[in-house]
Structure formats: structure tokens, C-alpha cells
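Okay, so here's the structure we're looking at.
The values are calculated or read from the model by the stated rules, or taken from the named source; none is laboratory data. Note that the structure is a prediction, hence the values are computed from the model and not measured. Reconstructed Cβ throughout: ideal geometry from the backbone, glycine too, with neighbour counts over all protein chains shown. Please note that ligands, DNA and RNA were not included when accessible areas were found on the heavy atoms of the full protein model with its side chains. Shrake-Rupley method; radii C 1.70, N 1.55, O 1.52, S 1.80 Å.
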Amino acid sequence: MKLSAPGLFSNGPVMRVISLALAVQESKGRLSLDDEIRRYIRVIETNWTANWNCPVYTTAAALDNAADSVASSGSLDGYPSEFADKVRHAADGMDPSEYLRILAEVVRGHHRKPYPEYEQLPMAGWEFPQTFPSLFGLGAVLMDEGDAPLPDLVTGFVAAEHPYCHERAADLSAEAQRALALFPGEQGIARHLPWAHRGGLQELINAVNDHMQQEHA
């Protein structure tokens with residue numbers, strides 16, 4: 001049974017890399033394609049689930065497959081509009097299939113090297129919600145909650161799903177502890193979430209632990 005190639009490019013790793021490449025092209029030199037691809041690789045390889053589901057070499061193969069499909073079709077007509085539009089703009093006049101092959105090689109080349117530590121290549125804005133999705137979600141909620149003390153806000157956030165709050169609580173505290181380990185300075189990840197300095201992250205962990213001890217122990 002022949003797979004429908006356009007359906008493969010509506011979402012997933014091909015679109016992720018093309019979106020990064022387009023952002024680089026639109027940045028007019030502010031961003032580097034090499035750095036964005038290295039960040040993409042870091043996101044995948046530091047997340048066991050992502051790496052299990054779609055390792056980086058699969059992304060490179062998917063881009064090669066996209067290139068072969070577009071070359072065989074002779075144009076981007078008939079492909080999902082978002083895919084076609086982004087490839088056209090990112091390629092900036094280059095043959096789309098050739099551009100996709102170049103992206104595959106860039107991914108493959110950087111995958112042969114260790115991914116960079118955060119001290120070497122700072123976490124990008126798009127990278128943050130992929131690395132700390134629960135903290136990102138909490139931050140979005142807290143923006144609407146006023147000036148109440150952080151522990152109270154965290155407790156309310158977790159308790160909103162009580163008594164089925166175990167997963168939410170575990171994810172929050174685990175991400176906060178991971179942030180403390182990866183960014184041990186006083187500022188923590190406050191660059192991405194203003195309240196998520198070292199003290200705020202510790203308050204979050206304590207509030208989650210207190211809730212679990214009081215309501216579930």
C-alpha cells in the first residue's frame with residue numbers, strides 16, 4: 001500500500017525543523033541555523049520519550065524522504081499548505097527538494113557530535129516549553145492569578161485536580177528540581193519565568209510536597 005506523502009508532512013519532525021529553518025531565514029542573521037538545529041537535537045536527546053519515539057536520525061531520514069517526495073512530484077502543489085508555504089519561504093529561491101536535502105545533512109552532521117550544554121548554547125525561547133512543559137503551563141496560569149504568595153498559587157494549581165493530582169504534582173516538582181540542577185545559579189530559569197529563580201523553584205517543590213503529605217500520605 002502506497003503511503004500518502006502529503007499526509008506525512010502535516011506535523012512531526014519535518015515540520016519542526018522547517019519551522020526552525022524559516023525562523024532563522026526570517027531573523028535576517030540574528031539566528032543561526034546550526035545553533036537552532038543543535039538546540040533541536042538537545043531537546044530530543046535530553047527527553048527519553050522524544051528520543052524513543054522519534055530519534056534524531058529518524059528526523060534526518062524523514063527530511064530525505066520529504067526531499068525525494070517533492071522531487072518526484074516536481075512541485076509543492078498538493079502538499080499541506082503550511083508545509084508548502086514554509087518550505088518555499090525557507091528555501092528562498094532554492095529548489096525545495098535540494099533545500100530539504102541540505103536540512104537533512106545539517107541535522108545528520110550535528111547529530112554526529114555531542115549536543116551542547118546550556119553554558120555553551122543558552123536555552124532558546126521555543127526550547128523552554130519543550131524542556132519544562134509543566135512549569136510553562138503553570139506560568140501561563142499564574143499570570144492571571146494576581147499577587148498571592150507563590151506557595152498558595154502552586155497549592156491551588158495542584159489542588160484543582162485533587163484527588164487525581166499525583167501526575168501534575170509529580171511533573172511540577174520533578175521539573176522544578178531538574179531546573180535547579182541544570183541552572184544552579186540564583187536566577188534559575190527566571191529568564192523564561194520571572195518567578196522561577198532559585199528561591200521560587202524551591203518554594204514550588206515545598207508547596208507540592210506539603211500538599212501531597214497533607215492530602216495523600
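Within the range 178-206, restricting attention to residues that are closer than 14 Å to S134 by Cβ, among the hydrophobic types (A, V, I, L, M, F, W, C) and not in a loop (DSSP other than H, G, I, E, B), which residue is most open to solvent (accessible area, probe 1.4 Å)?
Top of the filtered list is I205.
Residue by residue through the range 103-122, note down the ones that are surrounded by fewer than 15 Cβ atoms within 10 Å (Cβ to Cβ) and assigned to a helix (DSSP H, G or I).
Those that are surrounded by fewer than 15 Cβ atoms within 10 Å (Cβ to Cβ) and assigned to a helix (DSSP H, G or I): E105, G109.
May I ask you to verify whether E203 is modelled with pLDDT of 90 or more and in contact with a helix residue (DSSP H, G or I) (Cβ under 8 Å, 6 or more places away or on another chain)? Quick ask: steps written out before the conclusion?
Numbers: modelled with pLDDT of 90 or more: yes; in contact with a helix residue (DSSP H, G or I) (Cβ under 8 Å, 6 or more places away or on another chain): yes.
Yes.
Scan D68, D77 and give me the residue that is open to solvent by 70 Å² or more (accessible area, probe 1.4 Å) and part of a loop (DSSP other than H, G, I, E, B). Quick ask: steps written out before the conclusion?
On the way: D68 fails: part of a loop (DSSP other than H, G, I, E, B).
Residue meeting the stated conditions: D77.
Considering only residues that are among the small types (G, A, S) and part of a helix (DSSP H, G or I), look in the range 145-163 and name the one that is farthest from H216 (Cα to Cα).
Applying the first criterion (among the small types (G, A, S)) to the range 145-163 yields 146, 148, 156, 159-160.
Add one more test, that the residue is part of a helix (DSSP H, G or I), and what stays is 156, 159.
On the way: G156: 15, A159: 11 Å.
Per the stated criteria, the residue is G156.
Just to verify a result, which residue in the range 145-178, among those that are charged (D, E, K, R) and more than 24 Å from the chain's Cα centre (by Cα), is modelled with the lowest pLDDT?
Among those that are charged (D, E, K, R) and more than 24 Å from the chain's Cα centre (by Cα), it is E145.
Residue by residue through the range 155-166, note down the ones that are surrounded by 14 or more Cβ atoms within 10 Å (Cβ to Cβ) and either farther than 12 Å from M212 by Cα or in contact (Cβ under 8 Å) with a residue 60 or more places away in the chain (or both).
G156, F157
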